[in-house]
Every structure is written in C-alpha cells, then in structure tokens.
C-alpha cells in the first residue's frame with residue numbers, strides 16, 4: 001500500500017505494524033506527532049496497546065523498562081531536552097538488557113532555544129549502551145523501527161532510531177507500507193524466556209560484587225560490538241521479504257574513490273548528489289552514510305575507505321572543546337587500519353542550517369585545497385559563517 005506521510009507519522013505507523021503493547025507518551029516538539037498519532041491509532045481500536053501519558057521523559061523510559069521486563073513490546077519517542085532528561089534511565093535500560101525501541105527526533109539542545117535539527121542530543125548518549133541508527137528518509141524511519149525490534153529482541157539491547165527534526169519529522173514522502181501479515185511473519189510476538197513473573201520469582205538488578213559486575217559489563221560490551229552483524233543479518237532478512245535494504249553503513253561510489261565524505265542522517269542525500277557533481281569535475285569522490293553509529297560499523301567502514309587517501313567528515317553536532325563527535329569515531333576507526341589518511345572534519349548544519357549540495361561541494365574543495373585553514377589534517381572547522 002502506498003501512503004503519503006511525514007517521518008513522525010511513519011514512526012507511529014511502524015509502531016502499529018510492530019504491534020507494540022505499551023506506548024509511553026510524553027510530547028515534545030518535533031516528536032509530538034508520533035505520540036499523538038499513536039493515541040489516535042489506539043483510540044480507534046486499530047492497535048490493542050496500553051497508552052501511558054506520563055509526566056516526564058524520565059518516567060517515559062522508566063515505564064518502558066518496566067513494561068519490557070514483564071514481557072511486553074514497548075515503544076516511546078523523545079527529542080532534545082527530553083532525551084537529555086532520560087539519561088539516567090537510558091543507562092538502566094541498556095544495563096537491564098531490555099529490548100525497548102525509541103524514536104528520537106534530533107533537535108538542538110538549549111540554550112538558546114532552537115527547534116531544529118542537530119545530532120548532539122543523541123550523540124551525547126553514545127556511552128549509555130543503546131544501539132543507535134540514523135535515518136535518511138521517511139521510508140527508512142518506518143522500516144528501521146521494524147528492523148530495530150527484530151535486532152533488540154535477539155540481542156536483548158535497546159535501540160534508538162534517530163530522525164532529523166523537520167527534514168524528516170515534518171516532511172511528507174510517499175511510503176511503501178507493508179501488509180500487516182508480512183510484518184507479522186518478519187517480526188513474531190515478543191515472548192522472552194526470562195521476565196518478571198509473580199508466579200516464577202527472580203531477582204533483577206540486584207547489588208553485586210566487583211568480580212561479577214565486571215563480567216556482566218564485559219558480556220554486554222561484547223554483545224554490543226556484535227550488533228553491526230546482528231543488524232545487517234536482520235536487515236538482510238527484511239530486504240529479502242520487502243526488497244528494501246537498510247545496512248549498517250551504505251557506501252556510494254567508493255570503489256575507486258580517493259576522497260570519501262562521511263555523514264549520518266538526511267545529509268546523505270546531499271552528499272550523494274555532491275559526489276556526482278565532484279566526479280564531473282574530475283575529483284574521485286565517494287560517500288559513506290553511517291546507518292549505525294553505535295556500535296561503529298567497522299567492517300563496512302573499512303571496506304568503504306580501503307583505497308581512500310582523504311576522509312572528510314560532516315558533523316551536525318559538536319563536542320565542545322574537542323571536535324565533531326562523528327569525526328572522533330571516524331578517527332578511531334581509521335587508527336586501527338594503520339594507514340596514513342588525511343582527515344578533515346567540518347561542523348555544519350547545526351541548529352537547522354541546511355547542508356546543501358553546493359555547500360557540500362564547497363566544503364570538499366576547501367578540504368582538498370586547504371583554503372580557509374583546512375590544511376592541518378584532523379582539524380575540525382565550523383562551516384557556518386559565525387557573526
């Protein structure tokens with residue numbers, strides 16, 4: 001079935017198709033449409049789920065954790081300050097190994113107040129233990145939430161699906177909506193073998209000594225490292241059924257590329273068109289969209305940059321006093337390769353500024369020629385003109 005929908009509506013539709021059993025709802029711009037749409041869906045009787053209107057984002061995640069621990073498929077959504085307010089519970093969800101799925105609408109953190117796109121809110125949560133995926137389209141939003149449940153429930157780890165504020169949340173696209181029967185075949189009901197049950201009492205999250213604590217954390221670390229393969233396996237199964245690929249990382253014209261532009265989210269569309277334009281100028285450019293950010297998709301990343309001499313990273317975020325967060329991860333990934341590769345990082349598009357095809361081409365030219373101070377390898381530059 002074809003349907004025109006915004007990214008937020010796509011997220012709500014995906015939750016419906018996943019047959020979530022608990023929706024914990026606290027509205028925050030630009031995420032509000034997700035929980036409003038789910039309220040309508042549940043109110044019309046199209047989804048049999050418990051809808052919990054909570055008083056804060058902290059409670060929203062706490063409710064999902066409790067629901068998941070008793071064996072329910074749980075879903076929530078947040079953004080910006082709300083996601084920051086969840087921080088404590090994000091750690092708990094990952095540590096408790098609950099397969100919660102959350103949609104986060106990437107919005108700038110305040111002050112000053114800003115409602116527009118910025119990835120700092122979710123990237124600041126990179127060490128909480130959540131798997132993070134960044135969407136490139138409204139179709140990607142719908143499909144990745146379905147894949148996320150398959151991944152989360154296999155690995156018993158929570159997954160955060162991120163979509164750019166307004167570029168995806170409030171932009172309408174044509175969706176290919178799968179049949180419920182097909183989704184049910186791909187994503188069977190969640191029935192964990194271990195859960196909170198008054199008839200079969202167990203202890204969860206109790207105090208333990210240092211030796212046991214270390215082994216538990218090490219096991220989760222190893223499981224998290226394996227999530228690139230787990231995601232790609234689930235995505236391959238999804239593609240086999242629905243004919244739409246959603247890999248952990250997606251390369252574009254990198255086979256013979258000398259310059260590779262790395263990005264996440266909707267900027268990937270502009271990057272692809274910029275690559276085509278640069279190729280016409282004789283510059284052997286390629287693009288790499290990281291779908292999965294945490295864990296870093298090392299296998300696909302290493303393949304994409306195998307023959308590259310210059311990596312250019314576009315960050316829609318900033319780690320103040322350091323550089324772009326994506327740039328830090330890319331540098332760590334390149335370090336293990338033991339190759340001398342020039343690295344140039346740009347901070348661009350923060351607070352909703354557009355990352356266009358022309359501006360991307362201009363950044364690549366600047367990185368290659370060294371104009372504007374981009375001579376030093378590894379330097380992160382602000383692409384916007386500061387007042």
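Computed from the coordinates by the stated procedures, all read-outs in this text should not be read as laboratory data. Predicted model, so just to flag it, every value in this text is computed and none were measured. All Cβ positions, glycine included, derive from the backbone under ideal geometry; neighbour counts span all protein chains shown.
Brief remarks follow.
- Full extension of the chain between residue 369 and residue 156 gives 72.0 nm of extra length, using 0.36 nm per residue less the Cα-Cα distance.
- Fully extended contour minus Cα-Cα distance, from residue 181 to residue 87, at 0.36 nm per residue: 30.2 nm
- Relative contact order computed over region 2-241 (Cα-Cα under 8 Å; 6+ residues apart), in percent: 24
- Counting every other Cβ atom within 10 Å of each residue's Cβ, 356, 78 order from fewest to most as 356, 78.
- Angle between the chain longest axis and helix 32-43 axis [Cα atoms, degrees, rounded to 10]: 30
- For region 249-382: rounded, prolate or oblate by the Cα gyration tensor [a/c cutoff 1.5]: rounded
- Value of relative contact order over region 249-382, rounded to a whole percent, pairs C-alpha under 8 Å and six or more apart: 26
- Residue 44/residue 210 FRET efficiency (R0 45 Å; Cβ-Cβ; nearest 0.05): 0.30
- Summarising the strand pairing of region 249-382, around 20 percent of its internal DSSP beta bridges are antiparallel.
- Nearest-ten-degree value, helix 325-335 long axis tilted from longest Cα axis of the chain: 70
- Calculated mean residue ellipticity at 222 nm for the chain: -12500 deg cm²/dmol, from DSSP H runs with n ≥ 4 weighted as -39500 (n - 2.57), summed, divided by the residue count and rounded to 500.
- Long-range tail of P(r) for region 61-113 (Cα pairs > 15 Å, %): 46
- Convex hull of the chain built on C-alpha atoms - directionally averaged projected area, nm²: 20.1
- Label positions at residue 202 and residue 320, each projected 7 Å from the Cα along the C-beta direction, are separated by 4.3 nm.
- Distance between the pseudo-spin-label points of residue 218 and residue 114 (7 Å out from Cα toward the beta carbon): 4.3 nm.
- Between helix 357-369 and the chain: long-axis angle, C-alpha atoms, 0 to 90°, nearest 10: 50
- Shape of region 279-329, Cα gyration tensor, a/c cut at 1.5: oblate
- Shape call, region 1-77: gyration tensor on alpha carbons, a/c limit 1.5: oblate
- Cα-derived Rg over Rh, computed across region 153-247 with Rh taken as Kirkwood radius: 1.07
- By the beta-carbon count within 10 Å of each Cβ, the least crowded to most crowded order of 4, 207, 347, fewest first, is 207, 4, 347.
- Residue order, fewest to most beta carbons within 10 Å, for 91, 119: 91, 119
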